[in-house]
Amino acid sequence: SLAVPTYCSATLTAATAPGTARQGYFFTYDLVNANQYTMQGTPATVGTTGTRRFFVDETGTLRANAAGAATAASPEVQ
């Protein structure tokens with residue numbers, strides 16, 4: 001298994017369960033292969049700690065969706 005890259009904060013990639021949220025969000029990092037990754041941010045408590053879900057991949061384009069999970073097809077954050 002490949003390690004989490006150094007540009008991903010350990011506290012961010014550890015924010016996956018109650019008590020570990022960062023800025024009200026949980027984060028999921030997935031290494032697709034040596035050249036591709038995805039990271040999603042979801043509110044710890046939808047409607048309280050946040051309303052949008054976020055997605056970023058190796059392109060560096062941040063995307064968001066207020067209606068459900070954010071994906072590579074979600075609108076770009078401006």
- line: Within the stretch 48-75, restricting to residues that are in contact with a Pro (Cβ under 9 Å, 6 or more places away or on another chain) and in a loop (DSSP other than H, G, I, E, B), the one that is most open to solvent (accessible area, probe 1.4 Å) is Arg52
- prompt: Just to be sure, is Ala66 touching a strand residue (DSSP E or B) at 6+ places or on another chain (Cβ under 8 Å), among the aliphatic types (A, V, I, L, M) and more than 19 Å from Ala10 (Cα to Cα)?
  reply: yes
statement: Of the residues in the stretch 22-43, those that are open to solvent by less than 40 Å² (accessible area, probe 1.4 Å) and either aliphatic (A, V, I, L, M) or part of a loop (DSSP other than H, G, I, E, B) (or both) come to Gly24, Met39
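The values are calculated or read from the model by the stated rules, or taken from the named source; none is laboratory data. Fair warning: this is a prediction, and the values are worked out from it, not measured in the lab. Cβ coordinates were reconstructed from backbone atoms using ideal geometry, including for glycine residues, and neighbour counts include every protein chain displayed. With ligands, DNA and RNA removed, areas are computed over all heavy atoms of the protein, side chains included. Shrake-Rupley method; radii C 1.70, N 1.55, O 1.52, S 1.80 Å.
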